[in-house]
1. Given the options GLY81, GLY61, GLY126, which has the most mean-square fluctuation in a GNM of the chain, springs set between C-alpha atoms less than 10 angstrom apart?
2. Per residue of region 185-199, what does 6.51 cos²θ - 1.76 cosθ + 1.60 with θ = phi - 60° give for ³J(HN,Hα)? Whole Hz please, x for Gly and Pro, Karplus curve as stated.
3. I'd like the Karplus ³J(HN,Hα) series for region 237-244: coefficients 6.51, -1.76, 1.60, θ = phi - 60°, whole numbers in Hz, and an x wherever there's a Gly or Pro.
4. For LYS109 and LEU78, compute 0.36 nm times the residue count separating them, minus their Cα-Cα distance, and round to one decimal in nm.
5. Over the chain, with every protein chain in place, what whole percent of the accessible area is carbon and sulfur at 1.4 Å, could you tell me?
6. Rounding to the nearest 10 and keeping the result within 0 to 90°, find how far the Cα-based axis of helix 153-165 lies from the longest principal axis of the chain.
7. Over the chain, calculate the relative contact order: mean separation of alpha carbon pairs under 8 Å at least 6 apart, over the residue count, as a percent.
8. Taking springs between alpha-carbon atoms closer than 10 angstrom, which of THR179, THR191, THR128 fluctuates most in the Gaussian network model of the chain?
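The values are calculated or read from the model by the stated rules, or taken from the named source; none is laboratory data. Worth saying up front: this structure is predicted, and the values here are computed from it rather than measured. Every residue, glycine as well, gets a Cβ built from its backbone with ideal geometry; the counts of neighbours run over all protein chains shown. Just the protein is used for accessible areas: all its heavy atoms, side chains included, with ligands, DNA and RNA removed. Shrake-Rupley method; radii C 1.70, N 1.55, O 1.52, S 1.80 Å.
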Amino acid sequence: MKAVFIEKFGGAEVLQYGEQPDPAAAAGEVVVDVVAASVNAADWKVRAGDYSQATFPLILGRDFSGLIASLGPGIDDLKVGDPVFGVLDAGGEGAYAEKVAIKASIVAKKPASLSDVNAAALALSGLTAIRSLEDTLKLKRGEKILIQGGAGGVASFAIQLAKQIGAHVITTTSTTDFTRAVANCDAVFDTVGGDVATKSFAVLKPGGRAAFIASGWKAPPPTRDYVTSLRPNVVRARAPLEQIGQLVAAGAVRPPEIKLFRLSQAQEAHRLSESRHFRGKLVFQVR
């Protein structure tokens with residue numbers, strides 16, 4: 001199969017596009033013929049060596065959509081030919097390829113109303129937003145939340161999800177001094193990191209909480225008393241993926257603006273992703 005992989009850590013120049021062995025489905029797994037795969041910041045951070053993977057060649061990519069190609073032993077709730085989408089386990093890679101093996105329990109059937117490209121674009125972004133707002137921040141109707149970096153894939157999904165929950169939503173652009181414009185928030189969801197993350201504590205009311213996904217494996221320490229700093233645990237599971245499909249089908253969430261690439265254009269896609277000068281999501285059209 002064709003795939004995008006690295007032989008070592010350390011920069012765009014190590015990205016390779018070529019043949020790799022087809023995966024096989026172990027017990028409890030399925031193999032999916034990938035139709036589309038999404039580009040995430042985690043992908044080029046893996047390439048740069050920010051994560052612990054050390055087995056090469058390493059095929060990059062975490063979220064995807066496609067068709068079930070084969071089933072491992074013990075699978076009775078999916079069948080060959082089913083359209084599915086999913087996110088590989090945290091620390092797992094392999095979606096930048098024509099085929100991927102994944103645990104059946106963490107893929108979901110793709111609704112007919114959701115295209116393969118949109119399913120791939122929404123999988124990890126939507127899962128991260130759901131885990132962050134619902135499980136970590138426990139956002140409630142009527143609360144006020146500031147969502148940092150509203151043009152990004154995770155943040156744009158989070159904005160729509162927060163509105164669906166019934167929260168009062170505020171978001172930022174890169175030119176906004178939000179500490180002057182916003183105050184007394186019940187919650188902050190930061191997808192930017194750096195100084196933006198540190199300054200986010202200033203807009204919380206006493207007892208407020210903030211969740212951070214761009215500040216490493218640990219949430220930054222609070223810069224003031226009586227607020228809580230949290231790092232979401234983006235656990236993979238079928239149920240939140242099905243929730244993504246239901247939200248889109250109901251019109252509560254719109255798919256993001258998408259820029260398409262072929263797998264052979266992986267270096268270009270990564271350069272754009274690293275620049276952060278784009279809206280929405282970058283997606284590989286594999287088939």
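1. Largest GNM mean-square fluctuation: GLY81.
2. 7, 6, 8, 10, 10, 9, 10, 9, x, x, 5, 4, 4, 4, 6
3. 6, 6, 4, x, 5, 4, 4, 4
4. Length difference between fully extended and current span is 10.3 nm.
5. Values: 6250 of 12400 Å².
For the chain, the apolar C and S fraction of the accessible surface comes to 50 percent.
6. Here the helix axis deviates by roughly 60 degrees.
7. Averaging sequence separation for qualifying contacts and normalising by length gives 21 percent for the chain.
8. Judging by the Gaussian network model, the answer is THR179.
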